[in-house]
1. Look at residue A:146 and say whether it is facing another protein chain (nearest Cβ under 10 Å) and either touching a Phe, Trp or Tyr at 6+ places or on another chain (Cβ under 9 Å) or of a type outside the set (Gly, Ala, Ser) (or both).
2. Just give me the residues in the stretch B:279-289 being within 27 Å of the chain's Cα centre (by Cα) and without any contact (Cβ under 8 Å) to a residue 24 or more places away in the chain, in sequence order.
3. Taking the stretch C:281-302, which residues are over 21 Å from residue C:65 (Cβ atoms) and in contact with a Pro (Cβ under 8 Å, 6 or more places away or on another chain)?
4. Any idea which of A:165, A:213, A:254 is of a type in the set (Val, Ile, Thr) and surrounded by fewer than 17 Cβ atoms within 10 Å (Cβ to Cβ)?
5. Given the condition over 23 Å from residue A:186 (Cβ atoms), over 20 Å from the mean Cα position of the chain (by Cα) and not in a helix (DSSP H, G or I), answer yes or no: does some residue in the stretch A:277-284 qualify?
6. Being over 26 Å from the mean Cα position of the chain (by Cα) and buried (at least 20 other Cβ atoms within 10 Å of the Cβ) narrows it down to one of C:117, C:121, C:156, so name that one.
7. So the check is Cβ under 7 Å with 6+ separation or different chains; which pairs have a first residue in the stretch A:36-64 that's free of Cβ contacts under 8 Å to residues at least 40 places away in the same chain and a second one that's in a loop (DSSP other than H, G, I, E, B)?
Amino acid sequence: MAILEVKDLKIYFPIKAGLLNRTVDHIKAVDGVSFQIEQGKTYGLVGESGSGKSTIGRGIIGLEKITSGKVYFNGVDITSKNGKEIRKNLQMIFQDPYSSLNPRKRILDIIAEPLRNFERLTKKEEIKRIEELLELVGLSKESMMKYPHQFSGGQRQRIGIARAIALKPKLIIADEPVSALDVSVQAQVLNFMQDIQKELGLTYLFISHDLGIVKHFCDEISIMYKGRYVEQGTKEEIFNHPQHIYTKRLLSAIPDMNPSNRDKQFRIRKKVQQEFDQRYHDYFDSEGLAYSLKPISETHLVALQEDVQKVR
Amino acid sequence: MTRVYGLSRDLDLWGDLMELGKKETQSQQNTENNPTGLKILWSELRRDKLALFSLILLIVIVVFVYGISFVMNQDEIAKVDLFSIHKPPSKEFILGTDYGGRDVFGQLIIGTRNSLSIGFLVTFLSGVIGVAFGLVAGYFGGHIDNILMRVLDFFQVLPFIMLVIVFVSIVPNYTIIAFSLIFTAFSWMGVARLIRSKALQEKELDYVQASKTLGTSHFKIIFREVMPNISSLIIVTMTLNLASNIGLESGLSFLGFGFPESTPSLGTLLSYATNPQTLEHRWWIWFPAAVMILVLMLAVRNVGEALRRATDARQRRG
Amino acid sequence: MWKFIVRRLVITFPQLILLSVLIFLLAQAMPGDALTGLVDPNIDPATIDEQREKLGLNKPWYEKYIEWVGGVFQGDLGQSFRYKIPVTDLIEERIVNTFWLSVATLIFTYMIAVPLGMISGRYNDTILDSSITGYTYIGFATPLFIFALVMLWIFGYHLQWFPTGGSVAPELKPGTLEYVLSRIQHLLLPALSIALIQTVSTVQYLRSEIVDTKQKDFIITARAKGASESRVYNRHILRNSLLPIAAFFGYEITTLITGTIFIEQIFSFPGMGQLFIESVLQRDFSVVNAVVLLFGAAAIVGALLSDIILSIVDPRIRIK
């Protein structure tokens, strides 16, 4: 059974105007998204900024109000009510390690926050748990009495991860966990996240705009554009057999490390751009939004118009 | 816990020193958001000669006034002595006597003490209400904020002095506590507005969002997470408010609607000046009180302004 | 812009209603009612009760409230307990005095603020500017009543340049030139006392506004075109900075109300503020309520006017 199942999720933000501040229109941040994540896997959610990928993560964990649709966690409906048990099992890692740790609190109090909310531990037990957690994320236990500003960005993000795993959750929503970090530190944090995934049997919902990282990190990937899915599939399907023109364009934008391939890369990019311009209307409706998903294999779904499906 | 800290110090003294240096440079750039905010306030205050002087002066006045009034025989001062009415300053009475032959200097000390005490009390009470109101409005936002802000707008547009006077005059069993409560009821709005706008910004930060996902209650997030982060703003606002509250209280006492008759305040001494004879010929009764109010208000303001500069990195002098 | 104005009006009406309810409830909490001022204490209690029933004084509070509001709209503010005359008659003569005092104060306020603010902004960080800034700093910290007492002491009693009380010399007849001049003379010192304190916030605002504006691109452009320095200041900068200030007068009403209460008390000036204090002391509560209602409404309407004018002059305000 899937650990997380999202069905036709919609999150709209009202636009208020007029004399009585009535809602005149909506921004459709997330517009009918469905997916499921298997236990122990990493599910990548990719899209440009403003595509609604972060909103999905925030909606699942209860930071945004869900307009319609359903979210099931281990088969339990958690759409509107977030019971204690679910809170414990569902945690989040934030994008900005500088603002996600309260600057006025010691590391001890930061990591202990979830423990104090859910578990009745004695002072001694608490200290012991935090020592273990710090060790797990590779920080010395002396860090406990320090404040966030005494750490580097990578260290801070590891503190954020220690806090997220303190309750031994089953699913972690990682909202661009490395994009605020230096490139040199990114790999370090990502590898570390993979290590603890194995160790604790975690499931990740990994939100990112960086296809390179997603390729390295995720089992299943979905591509988002303007609040809708354009393509969903396994890592191989997305990277080796992209079907949607938007996915192709994104992939062609990944830089190649080998300079001798530069010309080849350039030609591919040009070709993709041409296709994008010519066939734009086959892939996007009159509002510039993606169509609904159509399965082309067991795991691979693409947003296509009914009749275009056969064109290829 | 302190043991752990001590250990780390011994093991890694050099590292700690490095950290300290880093802390210093970082805190230069960012006051609001780090634990050394209070230290910054203090160091800024120390750099500002006028503010430092004001602070020392204030401390001297407070210690002096509370100290003396403690050893002074208050019944002696309140005693009417018909043989020494309206005496100008002399060796016996440093600041002369009033219409009841009471020692003005003694009344000045007691009055300053009472004015300061009520100033502290009212500032504290209105601060508590204002901070709580502002935090709740700013943190929740949306409809709650909207409703609370309309309430605040209404309170703010009311003529403060008039309503306090009306309430003071109709309250049965009028006491200092009743006065403080009435005063507080109409003076919390400024703090609330400031705190609310700061809380609106603060709640968008990820650490607040993180606390929500960690299952921390709204109440705890508001008062344990957000409030410590805006503590320097709270301190600055309260300091500046203290100055204006001392002025307002003395004004109300001047009009006769402040302290009850039995407890003189600085305003009570000034109210003797509504008698033209006293105003024109007996300066020693009211003028020292006027100077005292002015000194207190300016000194508190100087300290408050220096603190405000310290929280606003662009205006910092150092 | 119209939207802003309508929305602002929508906020104002509940404020006025709330004010009236507040004052009405206060009136209920106060000792005495309409009969207290009318009846002879020798009449026996049963007759009074009958009379109360007939006058509708035993009705539930909301019915009484509606009647009271209806009366206010027809200009009926009740009877003074003490003077046994309609409150409106009592207020009429006082309100004229306070009105002129306020007008004089506002004129002085702007007469002081505009030149000081301009000098301070134009020559910022000079000695002249620091002394003006110093004045505003001290002015901010000085309570009005202390300043007014000192003014009265120095200019009224010691130098005797101004009369020390009243609104007009008693022996003069209305309509004569001397009468008018005497009234003006009586206004000067009280009005100046308020203005000198009240003006400091406007000076500060104007100063920072000018300091801000003079670094803006359109000013630099005007200079580059060869406009003379005084033309730059008078035509370009002032026009931008002066309008918002003119709009502040509505907010000043609240300050003025507070000011008149103290000032009229100190200068024994027979206006609304003095009437208010007298009535409170004499426990003439029907008059107290009327004064609070009028002043409260004036403050609410003043804030409304300023908001509307500012929204026209300065689009930035509308965003909030």
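1. On the way: facing another protein chain (nearest Cβ under 10 Å): yes; either touching a Phe, Trp or Tyr at 6+ places or on another chain (Cβ under 9 Å) or of a type outside the set (Gly, Ala, Ser) (or both): yes.
Yes; evaluated as a whole, the condition is true for this residue.
2. B:286, B:287
3. Hits for the stretch C:281-302 are C:283, C:299.
4. Working: A:165 fails: surrounded by fewer than 17 Cβ atoms within 10 Å (Cβ to Cβ); A:213 fails: surrounded by fewer than 17 Cβ atoms within 10 Å (Cβ to Cβ).
Result of the check over A:165, A:213, A:254: A:254.
5. Looking only at the stretch A:277-284, we keep the residues that are over 23 Å from residue A:186 (Cβ atoms), and these are A:277-284.
Next cut, over 20 Å from the mean Cα position of the chain (by Cα) only: A:277-284.
From the residues that got through so far, the ones that are not in a helix (DSSP H, G or I) too are A:284.
Yes, the stretch A:277-284 contains a residue that is over 23 Å from residue A:186 (Cβ atoms), over 20 Å from the mean Cα position of the chain (by Cα) and not in a helix (DSSP H, G or I).
6. Numbers: C:117 fails: over 26 Å from the mean Cα position of the chain (by Cα); C:156 fails: over 26 Å from the mean Cα position of the chain (by Cα).
Of the residues listed, the single one that is over 26 Å from the mean Cα position of the chain (by Cα) and buried (at least 20 other Cβ atoms within 10 Å of the Cβ) is C:121.
7. A:62/A:82
Listed here are the residues, each with its yes/no results for (1) more than 14 Å from the chain's Cα centre (by Cα); (2) at pLDDT 85 or above; (3) of a type in the set (Asp, Glu).
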residue	(1), (2), (3)
A:172	no, yes, no
A:175	no, yes, yes
A:190	no, yes, no
A:195	yes, yes, yes
A:199	yes, yes, yes
A:204	no, yes, no
A:214	no, yes, no
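The values are calculated or read from the model by the stated rules, or taken from the named source; none is laboratory data. Keep in mind it's a predicted model, so treat the numbers as computed, not measured. Cβ atoms come from the backbone with ideal geometry, glycine included; neighbour counts cover every protein chain shown.
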